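Contents: one structure, followed by commentary.
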Amino acid sequence: MDGTLSAARRWQYRDPVLVVWAAVGLVLFVALIAVVAYNRFVRQRNLVDNSWSNVDTELKRRYDLIPNLVETVKGYASHERTTLEAVTQARAQAMASTGAPEDQARSENVLVGSLKSLLAVSEAYPDLEANTGFLELQHQLTSTEDRIQAARRFYNGNVRDYNQRVQSVPTNLVAKMGGFTTRQYFQIDEATERSAPQVSLEHGADAPPAEPDGPGRAEPLDPI
């Protein structure tokens with residue numbers, strides 16, 4: 001009987017110790033999860049910032065092409081002053097826009113619209129469309145548009161993954177404590193439009209498939 005009571009007393013003294021150690025272990029476990037989540041937020045935020053830098057780089061590539069494009073068109077269609085001035089002004093506005101992605105997207109879409117008008121004007125001047133310099137600038141613009149859209153999709157994919165963690169439970173608690181907030185997507189139109197491949201029915205089913213227009217590009221993330 002005394003042995004039983006002695007064992008019971010030992011368990012009474014041991015139980016509080018176990019509870020304390022269990023509580024300490026739980027706190028350490030939660031702290032570890034919070035640290036891991038915080039570090040992942042930092043990495044994702046840096047990735048979003050870096051991918052936005054890539055978008056900015058490609059937009060600047062387009063800015064650099066526009067003056068030569070305007071001067072070339074001016075040599076053949078100098079009386080299209082309204083269109084030429086609209087492109088120049090839209091370029092200046094887009095270059096000065098350094099705010100949030102949604103604000104910058106509005107300026108970029110104004111520029112895209114003016115570029116489309118400029119390219120449409122060129123169609124009325126056969127000599128301009130046959131000019132090798134103009135054709136090369138068009139090719140560079142098309143290539144640049146591909147790069148812009150690829151960078152935009154990569155950025156938007158990173159923003160999507162980051163925003164999901166900011167808004168999801170339980171990582172939203174870490175986001176709130178760490179000051180991590182959702183980021184904006186970047187949506188812009190393309191200045192050049194690719195024509196759909198023409199399918200010929202004259203050669204029957206044995207005809208080889210048409211090659212895609214322009215260089216292929218494997219994107220790291222689906223477009224948004």
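The values are calculated or read from the model by the stated rules, or taken from the named source; none is laboratory data. Owing to the predicted nature of the structure, the values given are computational and were not obtained by experimental measurement. Here the Cβ is made from the backbone with ideal geometry for all residues, glycine too, and neighbour counts use every protein chain on show.
Numbers below:
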| quantity | calculated |
| --- | --- |
| Scope the stretch 131-145; condition surrounded by fewer than 18 Cβ atoms within 10 Å (Cβ to Cβ) and closer than 24 Å to VAL48 by Cα; matching residues | SER143 |
| Filter result for the condition that a residue is among the hydrophobic types (A, V, I, L, M, F, W, C), surrounded by 10 or more Cβ atoms within 10 Å (Cβ to Cβ) and either within 18 Å of the chain's Cα centre (by Cα) or modelled with pLDDT under 80 (or both), over VAL30, VAL55 | VAL55 |
| Count - residues of the stretch 98-140 that are of a type outside the set (A, V, I, L, M, F, W, C) and more than 30 Å from ASN156 (Cβ to Cβ) | 10 |
| Qualifying position, being within 22 Å of the chain's Cα centre (by Cα), modelled with pLDDT of 95 or more and closer than 30 Å to THR72 by Cα, among GLN149, GLN184, GLN167 | GLN149 |
| Any hit, the stretch 101-117, residues being touching a residue at least 40 places away in the same chain (Cβ under 8 Å), exposed (fewer than 14 other Cβ atoms within 10 Å of the Cβ) and either of a type in the set (Gly, Ala, Ser) or touching a helix residue (DSSP H, G or I) at 6+ places or on another chain (Cβ under 8 Å) (or both) | no |
| Near pairs, Cβ below 8 angstrom, 6+ apart or cross-chain, from the stretch 119-142 (within 23 Å of THR82 (Cβ to Cβ)) to any residue that is crowded, with 16+ Cβ neighbours inside 10 Å and acidic (Asp, Glu) | VAL121/GLU80 |
| Given (1) in a loop (DSSP other than H, G, I, E, B); (2) loosely packed, with under 15 Cβ neighbours inside 10 Å, number of the condition ILE188 does not satisfy | (2) |
| Among the residues listed as LEU137, LEU141, LEU128, the single one being more than 17 Å from the chain's Cα centre (by Cα) and either basic (Lys, Arg) or closer than 19 Å to ILE188 by Cβ (or both) | LEU141 |
